[in-house]
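The values are calculated or read from the model by the stated rules, or taken from the named source; none is laboratory data. Note that the structure is a prediction, hence the values are computed from the model and not measured. Don't worry about glycine lacking a Cβ; one is built from the backbone with ideal geometry, like all the others, and counts go over all protein chains shown.
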Amino acid sequence: MRKAMDFCQKNLALVLLLIAGAIFSATTANFLSVTNILNILNQNSYLVIAMCGISLVMIGGDLDMSVGYHMSICGVLCALMLTKTAIPVWIVVLATIVASVALSILTTALTELLAIPRIFVTIGEATLFQGAAYVITNSKTVSSLPVSFKQIAQGTLIHPSLTYATLLMVLCVAIMSFVLRAYPKIISEAPEKSGVEAFARIFPAPFRNFGICTKQDLLWPPRVRHGRQPGGR
């Protein structure tokens, strides 16, 4: 009994997931079907990918409250470049990545220059990014994205419900798992440093934020078929 309690405490999220799955499978006939499971993974792929990046930021000792609106402004810029210009999709993708990393570097620079906690900087940036997204789009939805761009998230492989977004999510989770498994080795190589300091030293803030921003910005707009301003952080 004690071992079971210890397992539940250490793996609470997994236990809750299994309980929820058991309830839904008992009440819904097709819940455990391959198509339904793949659809659930696809619908939440961009959130899981964002979670991987956010986890790195939090492990590094930071807290970013502007993630949602960072995604908004970069997604809007991406959608506008695709619909208002003749720039090739691959160049737009690279430009979006560059813009996303640049905003992350700006956040880090402000945090260091102002010498205030990152959470306060990103709360202010959240409002700034949200307002900028509304101004740039004139509060209108940017639609009719190119089919080739939509394929980034909506394209399928092998199974009709197995999308590229789901495969990218699996890849990101695998990379995250590898990083976390390698983390104790990083600490052992720097015994004079705490875990957070050692991690932050090896993964500077702009690179940690890269995990949040670029993956979201390139998956969210094609997934919903248009660019607009998402709510929340």
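Values for this structure:
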quantity: Pairs, first closer than 14 Å to Asp64 by Cβ in the range 112-135, second among the small types (Gly, Ala, Ser) and part of a helix (DSSP H, G or I), C-beta under 7 Å, six or more apart; calculated: Phe129/Ser72
quantity: Of the criteria (1) buried (at least 23 other Cβ atoms within 10 Å of the Cβ); (2) modelled with pLDDT of 90 or more, which one Cys74 fails; calculated: (2)
quantity: Candidates Ser143, Ser104, filtered to the one that is assigned by TED's automatic domain parsing to the domain that holds Ser72, in contact with a Cys (Cβ under 9 Å, 6 or more places away or on another chain) and farther than 25 Å from Ile37 by Cα; calculated: Ser104
quantity: Those residues of the range 79-127 which are touching an Asp or Glu at 6+ places or on another chain (Cβ under 6 Å) and farther than 20 Å from Leu63 by Cα, in sequence order; calculated: Thr96
quantity: Leu80 being surrounded by fewer than 18 Cβ atoms within 10 Å (Cβ to Cβ) and over 26 Å from Leu167 (Cβ atoms); calculated: yes
quantity: Failed item, numbered, when Ile105 is tested on (1) part of a helix (DSSP H, G or I); (2) over 21 Å from the mean Cα position of the chain (by Cα); (3) over 26 Å from Asn44 (Cα atoms); calculated: (2)
